[in-house]
Amino acid sequence: MAADKAKKEDKSTTQYSLFFIQRFKGKVLFNVPMSEYTSFRIGGNADVMAFPQDEGDLKDILSFAEAKNFPFYILGAGTNLLVRDGGVRGIVINMSEGFKDIVWQEETKAVVGAGVKLAEVLNVCKEKGLAGLEFSAGIPGTVGGAVLMNAGAHGGEMKDIVEGVEILGKKGQKGFIPNGDLGFSYRKTGLPKGAVVIRAHMRFAKSSAEAVRDKIKEIAEKRKGTGKIAYPNAGSIFKNPEGKFAGRLIEEAGLKGEVSGDAQVSEAHANWIVNTGRARAKDVLALMAIIRDRVYSLKGVVLEPEIKVIGED
Ligand SMILES: Cc1cc2nc3c(=O)[nH]c(=O)nc-3n(C[C@H](O)[C@H](O)[C@H](O)COP(=O)(O)OP(=O)(O)OC[C@H]3O[C@@H](n4cnc5c(N)ncnc54)[C@H](O)[C@@H]3O)c2cc1C
């Protein structure tokens, strides 16, 4: 049995290697600990992690995955992600090392690569005195991940500034999806399954450097509590139910500080779970189950996860 498994793994690794050696410009890693690629610092190994440098690389890898029927998963900065302890089968396509361009098409419009960090775009906006993205101050992650999650805070979200996105479909076909067809809703988009965001067209409003700086300061002040959380985490674990705050419900359920292994409900913000040492995904998932059960039985509210959970147990 074990020999069969080893043989199978060896064969698939060889297949991957041959493909990448011949065609791929970017870096390719095998047996990669996902804990090194997630802000939670949790997760088993991914079989393969590929870092496409450009559209050609991405197209090749998507076509390859399609032809071989290999599963793939798109990774940004891994700041909204819990990877299970058994890791990820197939190819993790890491978008954070390519797609780094910011091209200004007009004074208030930029086409931004999916691998650019939101913070970098915000910095440019600050210098240029462009408003619209201030809500993102303190949100880590890439533009691609932020679009997919419709990331937002303090009354703003990506939906407000994204005019549309350039994508590669899962068969490697290129497309442009305008804002109205992106199916944006609370921390969600309706991007076609398997589509990869390669660039976002972002529209800002003319303002002044001082006004943008002041707004960022105001947001930073509001985030002061969570800003002090020193342990690895993935931001909010659950979405806010309509008209309510998940954090408040969890706190009122008496769960602040609750522990499972090295995972703990943060003392600073009850909707954040922190990894206080060597937490495993199973610890975080157990804590999430406790939270959901307790909040449901005490408050009658079903909490829906905001973080994405992937991989095998
Ligand atoms: C300290 C902290 C604070 C946070 N605060 C906030 C907050 O205030 N508001 C908020 O909304 N979020 C917050 N988050 C969560 C997270 O930062 C955002 O959701 C962020 O936008 C995720 O980007 P990422 O690049 O890390 O995506 P990842 O975590 O890598 O991926 C998230 C999802 O996007 C998909 N994805 C990534 N890139 C692409 C792409 N190019 N094409 C298609 N799909 C893609 C992935 O497959 C996955 O489903 C916080 C997280 C942390 C750790």
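Tabulated data
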| item | result |
| --- | --- |
| As computed over segment 148-241, the Cα convex hull volume per residue (Å³) | 142 |
| Simple spin-label estimate for Glu312 and Gln173 in nanometres, 7 Å along Cα-Cβ | 3.2 |
| Pairwise label distance in nanometres, Arg213 with Glu251, each label 7 Å out on the Cα-Cβ vector | 3.2 |
| Relative contact order (%) - the chain, alpha-carbon pairs under 8 angstrom, separation at least six | 17 |
| Listed residue pairs exceeding 31 Å between alpha carbons, taken from Lys25/Lys174; Lys59/Lys228; Lys109/Lys188; Lys224/Lys244; Lys228/Lys282; Lys193/Lys217 | Lys59/Lys228; Lys193/Lys217 |
| In segment 164-262, the GluC sites (Glu not before Pro) that fall in loop regions by DSSP, at most 10 other Cβ within 10 Å | Glu242 |
| As computed over segment 63-171, the Cα convex hull volume per residue (Å³) | 112 |
| Over segment 158-313 - Rg/Rh using Cα atoms and the Kirkwood inverse-distance radius | 1.03 |
| Neighbourhood charge, 11 Å Cβ-Cβ cut-off, centred on Gly194 and excluding it, Lys, Arg +1 and Asp, Glu -1 | +2 |
| Modelled FRET efficiency - R0 51 Å, Asp54 with Lys239, Cβ distances, 0.05 increments | 0.90 |
| Extension reserve of the Phe30-Lys299 stretch, reckoned as 0.36 nm per residue once the Cα distance is removed | 92.3 nm |
| Top of Asn271, Asn179, Asn45 by mean-square fluctuation, Gaussian network on the chain, Cα under 10 Å | Asn179 |
| Around Phe184: net Lys/Arg minus Asp/Glu count, Cβ-Cβ under 13 Å | -1 |
| Estimated translational D of the chain in µm²/s (Stokes, Kirkwood radius over Cα pairs; 10 °C; 1.306 mPa s) | 77 |
| Cα centroid separation - segment 140-210 against segment 71-117, whole Å | 12 |
| Estimated 222 nm signal from helices in the chain, with DSSP H stretches of n ≥ 4 weighted -39500 (n - 2.57), rounded to 500 | -10000 deg cm²/dmol |
| For Ala137, residues with placed amide H under 5 Å, excluding near neighbours | none |
| Summed residue charge, Cβ within 12 Å of Leu81's Cβ, Lys/Arg positive, Asp/Glu negative | +2 |
| D (Stokes-Einstein, µm²/s), Kirkwood Cα radius, segment 56-111, 1.567 mPa s at 4 °C | 94 |
| In segment 94-124, GluC sites (Glu not before Pro) in a DSSP loop with at most 16 other beta-carbon atoms within 10 Å | Glu97, Glu107 |
| Estimated FRET transfer efficiency when R0 is 25 angstrom, pair Lys100-Ala289 (beta carbons, to 0.05) | 0.05 |
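Coordinate-derived values only; no laboratory data. As the structure is a computational prediction, the values presented were derived from the model and not from experiment. Cβ: placed from backbone, ideal geometry, glycine included. Neighbour counts: every protein chain shown.
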